[in-house]
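Undergrad: Here you go, one structure.
What follows draws every value from the coordinates through simple rules; no lab data is involved. Everything numeric here is computed off the predicted structure, so don't read it as measured data. Cβ sites come from the backbone with ideal geometry, for glycine too, and all protein chains shown count toward neighbours.
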Amino acid sequence: MTEATYTVEGMTCGHCVGSVKEEVGGLPGVQKVDVDLATGAVKVISAEPISREAVEAAVAEAGYQVVA
């Protein structure tokens, strides 16, 4: 099991959180996505490491940007 945390910019509400969770959670191998709206932290738990590029693309598809 692998865990990685990213900081996402631009989320302002529960709908934003849901969009990010849906897109990132749809990546192959992702088992769980936790999002902290206040800090922008997105924790991704997966069976195998997920590339940063794949996570960035999923976040971008939701309409936001990984900044760290």
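Undergrad: I'm told residue 33 meets every condition in (1) hydrophobic (A, V, I, L, M, F, W, C); (2) assigned to a helix (DSSP H, G or I); (3) within 9 Å of the chain's Cα centre (by Cα) except one. Can you identify the failing condition by its number?
TA: For residue 33, the exception is condition (2).
Undergrad: Among the residues that make up region 47-64, is at least one of them surrounded by 14 or more Cβ atoms within 10 Å (Cβ to Cβ) and either basic (Lys, Arg) or touching a Lys or Arg at 6+ places or on another chain (Cβ under 8 Å) (or both)?
TA: no
Undergrad: Also: Which condition does residue 28 not pass, out of (1) in contact with a Ser or Thr (Cβ under 8 Å, 6 or more places away or on another chain); (2) surrounded by fewer than 16 Cβ atoms within 10 Å (Cβ to Cβ); (3) in a loop (DSSP other than H, G, I, E, B), if it passes all the others?
TA: (1)
Undergrad: Within the set of pairs 6+ apart or on separate chains, which have a first residue in region 23-51 that is within 14 Å of residue 64 (Cβ to Cβ), a second that is in a loop (DSSP other than H, G, I, E, B) and among the aromatic types (Phe, Trp, Tyr), and C-beta atoms under 6 Å apart?
TA: none
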